[in-house]
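Chemist: Quick one: the structure is below, questions incoming.
The values are calculated or read from the model by the stated rules, or taken from the named source; none is laboratory data. Source: prediction; values computed, not measured. Cβ: placed from backbone, ideal geometry, glycine included. Neighbour counts: every protein chain shown. In case anyone asks, the SASA skips ligands and DNA or RNA and just uses the protein heavy atoms, side chains included. Shrake-Rupley method; radii C 1.70, N 1.55, O 1.52, S 1.80 Å.
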Amino acid sequence: MKGQPLSRRGEGRISEGWSAKMAMAVAVAVARVWRPSRGLGRTGLPLLRLLGARGLARSHPHRWQQQQHFSSLDDKPQFPGASAEFIDKLEFIQPNVISGIPIYRVMDRQGQIINPSEDPHLPQEKVLKFYKSMTLLNTMDRILYESQRQGRISFYMTNYGEEGTHVGSAAALDDTDLVFGQYREAGVLMYRDYPLELFMAQCYSNVSDLGKGRQMPVHYGCRERHFVTISSPLATQIPQAVGAAYAAKRANANRVVICYFGEGAASEGDAHAGFNFAATLECPIIFFCRNNGYAISTPTSEQYRGDGIAARGPGYGILSIRVDGNDVFAVYNATKEARRRAVAENQPFLIEAMTYRIGHHSTSDDSSAYRSVDEVNYWDKQDHPISRLRHHLQSRGWWDDEQEKAWRKQSRKKVMEAFEQAERKLKPNPNLIFSDVYQEMPAQLRKQQESLARHLQTYGEHYPLDHFEK
C-alpha cells in the first residue's frame, strides 16, 4: 500500500524519538542513583555522556553532524573574551603596533597657534589667569623650597616645569568636579583660588591648617574646592577615584572625577585595577597622567618597554590621547573634551601629558646624581610652559615687560606675607592627634591620650609646649 512506507517512516521517527527519550531517562536515573558522594566521577560520567550523546545523535542526526564539523577560517570566532578574526599564520603582535602615539599640541614653542581651528579662543581675562596661576605657583615653590633648606619646614616638593599640566586641566573642569591628586598638583588648587595662607598653613602645620597638622607638607586637601586630601602611598588614589566616579554616575550628578598620577605610579597594581574597573563599570572619570620623565630617579627607559602610558588605554577599552604638557592650551582642549564626553557618555578617558620635571623629586632628592645639568637647562630655558604662554600673551599684546616686572614683584610680596604669617602662628593642640577618627573614642585610644597627658605633665619642660595651642 502506498501509505505503508509513510507509516514505517513514521514508526521509525517514533522509535528514534522513544530511544532518545529512553536514553536520557536512563542517564537521569543514573545521575539520581550515583550522586557525587557515591562515586559518580569515574564511572557514572562517561556513561552519562555516552547515553546523552547517543540520544542527541538519534533525535537530531543532522545537528550532531554539524557540531562535529567546522567549515573553514571564514567562520567567525564566538569566544566571549575578545572580538577578532581567525588567521592561519603564526604571528606575535609587536609591542608598538604603530610608530608612536602622536602628541597633540596647539602652540609651538614660541607661543604661536599652529592650527587656527584648534585655538580655544579664550578671553584675555582667562588666559591671564592661566599665566598668573602658573607664575604664582612657581614663586611659592621657590620660597617654600628655600624655607625647607633653611630648616623652617620639614619637607617640600616643587612643581617646576609642570605648571601647564595643572592649570590647563583645572581650567577645563567645573568647580564641583572632584579632584584626586598625587602630590604634585598644587596648581589645580591654585587655579581654584585656594588661599596662599592655607598653602603655607599646611606646610607649616599650624593652627590654620585644615588637616590640623597631621599630614606632612604638600599633602593638601580642601572639601570646599572638591580636592581630596593627598596621601603619600603611590597610586592609592586611582581606584578610590574610580569608586567616586561610579558613585557620581549612580547619582546622576552630572560631574566628572579627575585623577592625577605620574608615569611611575602607572606601574603600580592599583593603576591596573582602576583602569579596568573604570572601563567595565563605565565611569565618568579622567585619568590624567603627568609623564615627566622620571619616577624619582628612575627614567622612563627603565620603567616600561611599551609606548608610554597612553598606549595602555586601548587595552582596557579606554579612549586615550597624548598631549604636549608644556602647552597649556593643548592640555585645556583635551581635558575640556574629555570632560564633556565623560559626563555625556559615562565612560573613562586617559590623558597622557608629556612634560619634564625640572626640579628635584623632592627636598630629599638630589637629581644631579642621575641626570645632567645640560638636560635640565634645556627644558628650563628652551621649552618651559610658562615661557611658552608668556610668548603667546606678548604676541597678542596682552602682556609686556613692564607688566611682567610688576607682577613678579606683586606675586612675591603676596607669598612672603602669607609665609611670614604662617611662621608666627602656633601649632595645633597635641590632643588633636586623637580626634576625627572615631565618633566615640575607644578605650585603647583614650588610654594612649591619658598616657600622653601624664608624660607631658611630668616632662613638659623638655618640650616647646608654648609653641602649641592650649
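Chemist: So, in segment 290-336, of the ones that are of a type in the set (Asp, Glu) and closer than 27 Å to Ile93 by Cβ, which residue ends up surrounded by the fewest Cβ atoms within 10 Å (Cβ to Cβ)? Steps first, answer last, please.
Modeler: Narrowing segment 290-336 to residues of a type in the set (Asp, Glu): 302, 307, 324, 327.
Imposing the further condition that a residue be closer than 27 Å to Ile93 by Cβ reduces the set to 302, 307.
On the way: Glu302: 10, Asp307: 17.
That would be Glu302.
Chemist: Just a yes or no: is a residue in segment 137-157 of a type outside the set (Phe, Trp, Tyr), touching a strand residue (DSSP E or B) at 6+ places or on another chain (Cβ under 9 Å) and either farther than 25 Å from Val376 by Cβ or touching a residue at least 40 places away in the same chain (Cβ under 8 Å) (or both)? Even if it seems obvious, please write down each step before you answer.
Modeler: Residues of segment 137-157 of a type outside the set (Phe, Trp, Tyr): 137-144, 146-154, 157.
Narrowing the set further to residues that are touching a strand residue (DSSP E or B) at 6+ places or on another chain (Cβ under 9 Å) leaves none.
Among the residues of segment 137-157, not one is of a type outside the set (Phe, Trp, Tyr), touching a strand residue (DSSP E or B) at 6+ places or on another chain (Cβ under 9 Å) and either farther than 25 Å from Val376 by Cβ or touching a residue at least 40 places away in the same chain (Cβ under 8 Å) (or both), which makes the answer no.
Chemist: Considering only residues of segment 254-289 that are under 23 Å from Ala186 (Cβ atoms) and not hydrophobic (A, V, I, L, M, F, W, C), which is surrounded by the fewest Cβ atoms within 10 Å (Cβ to Cβ)?
Modeler: Checking each candidate, the answer is Glu268.
Chemist: In addition: Of all the residues that make up segment 103-129, how many are open to solvent by less than 100 Å² (accessible area, probe 1.4 Å) and either in contact with a Cys (Cβ under 9 Å, 6 or more places away or on another chain) or outside any loop (DSSP other than H, G, I, E, B) (or both)?
Modeler: 11
Chemist: Of the residues Pro217, Pro239, Pro233, only one is more than 22 Å from Leu173 (Cα to Cα), under 19 Å from the mean Cα position of the chain (by Cα) and not polar (S, T, N, Q); which? Break it down into steps so the answer makes sense when it comes.
Modeler: On the way: Pro217 fails: under 19 Å from the mean Cα position of the chain (by Cα); Pro239 fails: more than 22 Å from Leu173 (Cα to Cα).
From the options Pro217, Pro239, Pro233, the qualifying one is Pro233.
Residue-by-condition table, conditions (1) over 25 Å from Arg341 (Cα atoms); (2) among the aliphatic types (A, V, I, L, M):
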residue	(1), (2)
Glu125	yes, no
Met134	yes, yes
Thr139	yes, no
Gln148	yes, no
Gly151	yes, no
Asn159	yes, no
Ser169	no, no
Ala172	no, yes
Asp175	no, no
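Chemist: Further question on the same structure: I need every pair where a residue in segment 433-445 that is in a loop (DSSP other than H, G, I, E, B) has its Cβ under 8 Å from the Cβ of a residue that is of a type outside the set (Gly, Ala, Ser) and open to solvent by 60 Å² or more (accessible area, probe 1.4 Å), sequence separation at least 6 or different chains.
Modeler: Pairs found: Ser435/Lys212; Asp436/Lys212.
Chemist: While we're here: Name every residue in segment 419-442 that is open to solvent by less than 70 Å² (accessible area, probe 1.4 Å) and either of a type in the set (A, V, I, L, M) or out of contact with any helix residue (DSSP H, G or I) (no Cβ under 9 Å at 6 or more places or on another chain) (or both), in order of residue number.
Modeler: Ala422, Pro428, Asn429, Leu432, Ser435, Met441, Pro442
Chemist: Mind checking which residues of segment 264-284 are in contact with a helix residue (DSSP H, G or I) (Cβ under 6 Å, 6 or more places away or on another chain) and either among the β-branched types (Val, Ile, Thr) or in a loop (DSSP other than H, G, I, E, B) (or both)?
Modeler: Leu281, Cys283, Pro284, listed by residue number.
Chemist: Between Gly100, Gly168, which is of a type in the set (Gly, Ala, Ser), touching a residue at least 40 places away in the same chain (Cβ under 8 Å) and assigned to a loop (DSSP other than H, G, I, E, B)? Even if it seems obvious, please write down each step before you answer.
Modeler: Values: Gly168 fails: assigned to a loop (DSSP other than H, G, I, E, B).
Of the residues listed, the single one that is of a type in the set (Gly, Ala, Ser), touching a residue at least 40 places away in the same chain (Cβ under 8 Å) and assigned to a loop (DSSP other than H, G, I, E, B) is Gly100.
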